[in-house]
Amino acid sequence: MGSMPTVLPTDASSPSIHRVPVRPVEWKHLALMLSFLGLKFYVFETLISAPSTILEPNTYQNWNSNDDFARAIVLIALKESEHDGLEEKKTAESVYRAVKN
């Protein structure tokens, strides 16, 4: 008879991914990052409005994905204590306006 196999820790008992604290970003740096990603106008200026879900369903899906990504970047840039009420905001621009007011 052989020896018993060694039990390795699993993600359930010892997660392999650890949370990394995010340092709050200054708005000018955030704007630069969003600009590089092509998402600046989803947050700071209303030059890009949501396309029609009926006339342009694929374009709407892409717009929605980009806006969700921009919204996530803004939320990540904030301190966790500043998140109250922001998760319910539907667009990146509405999150930004709520924080700036």
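Could you check how many residues of the stretch 82-101 are free of Cβ contacts under 8 Å to residues at least 24 places away in the same chain and open to solvent by less than 80 Å² (accessible area, probe 1.4 Å)?
Counting residues in the stretch 82-101 that are free of Cβ contacts under 8 Å to residues at least 24 places away in the same chain and open to solvent by less than 80 Å² (accessible area, probe 1.4 Å) gives 6.
If you check every pair at least six apart or on different chains, which have Cβ atoms under 8 Å apart with a residue in the stretch 42-66 that is more than 14 Å from Lys90 (Cα to Cα) first and a residue that is open to solvent by less than 70 Å² (accessible area, probe 1.4 Å) and assigned to a loop (DSSP other than H, G, I, E, B) second?
Listed pairs, sorted by first residue: Thr59/Pro51; Tyr60/Ala50; Tyr60/Pro51; Tyr60/Ser52.
Residue-wise test of (1) over 20 Å from Ala98 (Cα atoms); (2) among the basic types (Lys, Arg); (3) open to solvent by 60 Å² or more (accessible area, probe 1.4 Å); (4) modelled with pLDDT of 90 or more.
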| residue | (1), (2), (3), (4) |
| --- | --- |
| Ser16 | yes, no, yes, no |
| Ala31 | no, no, no, no |
| Val43 | no, no, no, no |
| Tyr60 | yes, no, yes, yes |
| Asn64 | no, no, no, yes |
| Asp67 | no, no, no, yes |
| Leu75 | no, no, no, no |
| Glu80 | no, no, yes, no |
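Select from the stretch 58-88 the residues that are among the acidic types (Asp, Glu) and under 10 Å from the mean Cα position of the chain (by Cα) and list them in ascending order. Can you show your working first?
The first filter runs over the stretch 58-88 and keeps only residues among the acidic types (Asp, Glu), leaving 67-68, 80, 82, 84, 87-88.
Correct list: Asp67, Asp68.
The values are calculated or read from the model by the stated rules, or taken from the named source; none is laboratory data. Computed from a predicted structure; not experimentally measured. Cβ coordinates were reconstructed from backbone atoms using ideal geometry, including for glycine residues, and neighbour counts include every protein chain displayed. Just the protein is used for accessible areas: all its heavy atoms, side chains included, with ligands, DNA and RNA removed. Shrake-Rupley method; radii C 1.70, N 1.55, O 1.52, S 1.80 Å.
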